[in-house]
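The values are calculated or read from the model by the stated rules, or taken from the named source; none is laboratory data. Model, not experiment: these values are computed from the prediction. Cβ: placed from backbone, ideal geometry, glycine included. Neighbour counts: every protein chain shown.
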Amino acid sequence: MNIFRRLFRMGKAEAHSALDKLEDPIKMTEQGVRELKENLDKSIRALAEVKALAIRSRNDHETYSEKASDYEKKAMLLLKNAQDGTMDSAEADRLASECLLKKKENEKLASDAMADKEKFEASVSTLDGNIKGLKSKISHYENELKTLKARVKVATATKNINKEMSSIDSGGTVAMLERMKEKVAQEEALAESYGDIASESRSLDDEIEKAIGDENRISANEELEKMKERLGIKSGDSSSNS
């Protein structure tokens, strides 16, 4: 039983997934517009056919009405001929009666044609209203479809940008920057250290030169004193003679 329940849940999940795919808004709207256009084409064909029937009924009404009027004229002419004596009265009555029957028959046909004409014209009016409604709906849904497609493009672009931004390793970038700062600080400290060493080296050289210089002055003074002794000059005499 548990297996069957699991299979049932899996089937429901797949059905919902398939339904979600089928219910894609753009595809549904495009399909709806196509269906409306198909209905519009059918309605236009039906309108043309019903208009043709209305025109035919109108023409039939006019034709039957003219025939009825013509048969009435013929009956009157037959009776007039019988009255004038140019025709047998009984024969004239018979033929006039036939003409009146034909007149009545055509009047009935004309009346039926008029009824059909009015019925078809009413259908034409209904179909015309339906066609205008379909055209309005198609225009409305096509505009909505354009807007929906534009929104999808914007949403897709925004999603891709956000996806790219979210995939950036901000932690890794920060760590790299910290390592770079540490490296720069280390290089700066090393440069300062070499500077200190160079300064210390220059100071040591100065001390050495100073020490050597003092010894040279001491040696020169000793040589001077020795030279004075050889010459018999006592220290301080040179200053007195001057």
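General remarks:
- Test: residue 101 is surrounded by 13 or more Cβ atoms within 10 Å (Cβ to Cβ), in a helix (DSSP H, G or I) and either at pLDDT 95 or above or not aliphatic (A, V, I, L, M) (or both): no
- Of all residues in the range 140-155 being charged (D, E, K, R) and touching a helix residue (DSSP H, G or I) at 6+ places or on another chain (Cβ under 7 Å), the one that is nearest to residue 30 (Cα to Cα): 142
- Hits in the range 61-98 (condition: more than 25 Å from residue 51 (Cβ to Cβ), among the acidic types (Asp, Glu) and surrounded by fewer than 17 Cβ atoms within 10 Å (Cβ to Cβ)): 70, 84, 88, 91, 93, 98
- The single condition among (1) part of a helix (DSSP H, G or I); (2) farther than 23 Å from residue 120 by Cα; (3) hydroxyl-bearing (Ser, Thr, Tyr) that residue 86 does not meet is (1).
- Top-ranked residue of the range 156-174 - restricted to ones that are modelled with pLDDT under 75 and surrounded by 10 or more Cβ atoms within 10 Å (Cβ to Cβ), ranked as farthest from residue 29 (Cα to Cα): 174
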